[in-house]
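Trainee: Below is a structure I'd like to ask you about.
The values are calculated or read from the model by the stated rules, or taken from the named source; none is laboratory data. Small disclaimer: the values here were computed from a predicted structure and weren't measured. We place every Cβ from the backbone using ideal geometry, glycine too, and count neighbours over all the protein chains shown. We work out accessible area using only protein heavy atoms, side chains counted, and drop any ligands, DNA or RNA first. Shrake-Rupley method; radii C 1.70, N 1.55, O 1.52, S 1.80 Å.
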Amino acid sequence: MNANQSPSFDNHEQVVFLNDQSSGLNAIIAIHNTNLGPAVGGCRMYPYASEEHALEDVLRLSRGMTYKSALAGLPMGGGKAVIIGDPKVDKTPQLLRKMGEFIDTLNGRYVSAEDSGTSVADLKIMAIETAHVLGINEQQEFGGDPSPLTAYGIYCGIEASAAHRLGVQNLEGAHIAIQGVGAVGQYLTKLLIQAGARVSACDINLSNLENAERLGAQIVDVDKIIALEADVFAPCAMGAAINDESILKLNMPIVAGGANNQLSNAEHGEKLRQRGILYAPDFVINAGGIIEICRQFQDAPASECKRNIEGIRDTLSEIFDISDQRVCATNTVAERLAAQRFMIEAKPLMSNAV
Ligand code: NAD
């Protein structure tokens, strides 16, 4: 398969494939850009319908990591890995060790961490074969898992979005609709309920749904969540939650959630803007986990990490203000700001180029 023929190819520096018969590992690692540092990004395991789907995903996700780390001010580039397979069925220690070996072949140009379908325990198995894995140090708060800090960043981002769009200073009484209550969605539910918000949640996984209900969320059908009359739609499942079909049903004034690649394509950002829906760009609002991963990489104090995550509020407020001033979609503004940090030749934002 030729990565540079994929519609999602964006001058990626390196894309490598591995199909290993003995362990059953079928995986792709994509390194998008290393101008600011090594390409850091999670390893996702998912039962992709085809290798083409997996390639699309890893190309888009690795590009998103470059923009995410740049805008969060981190000395890291963007990369991602995907394993094609069902984590509930196909994951074996042998397969995970082979993945560790695969990561090791890149000599630290790509550094891995948890993502959807992989856990701290899985990464520890990969780490038997490579030193280029983060998020596994159990001495850390939350045992190295970045999900609680990702959720904290999303919570801060929802506050900033609500302040900008609804003119409120806190989330008490606000109604948030969460699509997907896995690792990130659970922690987000907890933070929102503690803040006095009302949470409606959906998921295709019954046990995750039951956990969310125990935390105080109201359960909603997967098909109905998008059409709820709520204040914030928070996509926390897979990508493309905002697509040609869902955008027509969406009535909530804010989209602010943790999933990567929430827009099926970039034009949906402009469509949201035209409908008066404020979109908190995914790679800005969900940077809490990578900020924590970077802290682990640099061995910096935890207090610094929390302060940096809270900086997501200011970054989003700046993006929202520029978006209003320049009548430009928030995702376009955010991409321009990020590009100024990782690409020397990026166009200056405040010219007429936005
Ligand atoms: P997860 O696998 O733990 O949770 C995802 C949840 O979404 C699962 O409960 C799954 O059953 C559910 N889901 C899948 N399809 C659904 C659908 N159609 N409708 C409703 N629910 C559905 O993954 P996670 O770690 O919570 O990550 C969630 C999203 O956030 C992913 O897009 C991930 O890439 C992104 N993200 C995660 C982190 C992190 O720190 N974990 C950081 C940044 C971004």
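Trainee: What number of residues within the range 24-55 are part of a strand (DSSP E or B), away from the ligand (no atom under 14 Å from the Cβ), touching a Leu at 6+ places or on another chain (Cβ under 8 Å) and aliphatic (A, V, I, L, M)?
Mentor: 6
Trainee: Output the qualifying pairs, or none if there are none: Cβ atoms under 6 angstrom, residues six or more apart or on different chains, first residue in the range 74-92 and free of Cβ contacts under 8 Å to residues at least 60 places away in the same chain and over 16 Å from residue 113 (Cα atoms), second residue outside any loop (DSSP other than H, G, I, E, B) and open to solvent by less than 10 Å² (accessible area, probe 1.4 Å).
Mentor: 84/54
Trainee: Among (1) in contact (Cβ under 8 Å) with a residue 40 or more places away in the chain; (2) away from the ligand (no atom under 11 Å from the Cβ), there is one condition residue 276 misses while meeting the rest; what is its number?
Mentor: (1)
Trainee: In the range 61-83, how many residues are open to solvent by 10 Å² or more (accessible area, probe 1.4 Å), farther than 24 Å from residue 306 by Cβ and among the hydroxyl-bearing types (Ser, Thr, Tyr)?
Mentor: Summing the residues that are open to solvent by 10 Å² or more (accessible area, probe 1.4 Å), farther than 24 Å from residue 306 by Cβ and among the hydroxyl-bearing types (Ser, Thr, Tyr) in the range 61-83 gives 0.
Trainee: Among 167, 182, 157, which is in the same structural domain as residue 231 (by TED's automatic domain parsing) and open to solvent by 40 Å² or more (accessible area, probe 1.4 Å)?
Mentor: 167
Trainee: Provide a single number: the residues in the range 240-258 that are in contact with a Leu (Cβ under 9 Å, 6 or more places away or on another chain) and open to solvent by less than 40 Å² (accessible area, probe 1.4 Å).
Mentor: Result for the range 240-258: 12.
Trainee: Okay, next question. If we scan the range 294-308, do we find a residue that is outside the structural domain of residue 59 (by TED's automatic domain parsing), open to solvent by less than 40 Å² (accessible area, probe 1.4 Å) and at pLDDT 95 or above?
Mentor: Taking every residue of the range 294-308 in turn, none turns out to be outside the structural domain of residue 59 (by TED's automatic domain parsing), open to solvent by less than 40 Å² (accessible area, probe 1.4 Å) and at pLDDT 95 or above.
Trainee: Name the one entry in 265, 261 that is open to solvent by 10 Å² or more (accessible area, probe 1.4 Å) and within 11 Å of the ligand (Cβ to nearest atom).
Mentor: None of the other options fit; the residue is 261.
Trainee: Something else now. Could you grab me the full set of residues in the range 43-60 that are open to solvent by less than 40 Å² (accessible area, probe 1.4 Å), at pLDDT 95 or above and either outside the structural domain of residue 19 (by TED's automatic domain parsing) or touching a strand residue (DSSP E or B) at 6+ places or on another chain (Cβ under 8 Å) (or both)?
Mentor: 43, 44, 45, 48, 54, 55, 58, 59 - these are the residues of the range 43-60 that are open to solvent by less than 40 Å² (accessible area, probe 1.4 Å), at pLDDT 95 or above and either outside the structural domain of residue 19 (by TED's automatic domain parsing) or touching a strand residue (DSSP E or B) at 6+ places or on another chain (Cβ under 8 Å) (or both).
Trainee: For residues in the range 177-200 being aliphatic (A, V, I, L, M) and away from the ligand (no atom under 13 Å from the Cβ), which is nearest to residue 247 (Cα to Cα)?
Mentor: My answer is 199.
Trainee: Something else about it: For the range 185-202, what are the residues that are within 25 Å of residue 118 (Cα to Cα) and open to solvent by 10 Å² or more (accessible area, probe 1.4 Å)?
Mentor: Matches in the range 185-202: 186, 187, 190, 191.
Trainee: Next up: Go over the candidates 319, 290 one by one and state the one that is crowded, with 18+ Cβ neighbours inside 10 Å and within 16 Å of the ligand (Cβ to nearest atom).
Mentor: After ruling out the rest, the residue left standing is 290.
Trainee: How many residues are within 11 Å of the ligand (Cβ to nearest atom) and in a strand (DSSP E or B) if we restrict to the range 201-238?
Mentor: Here the count works out to 4.
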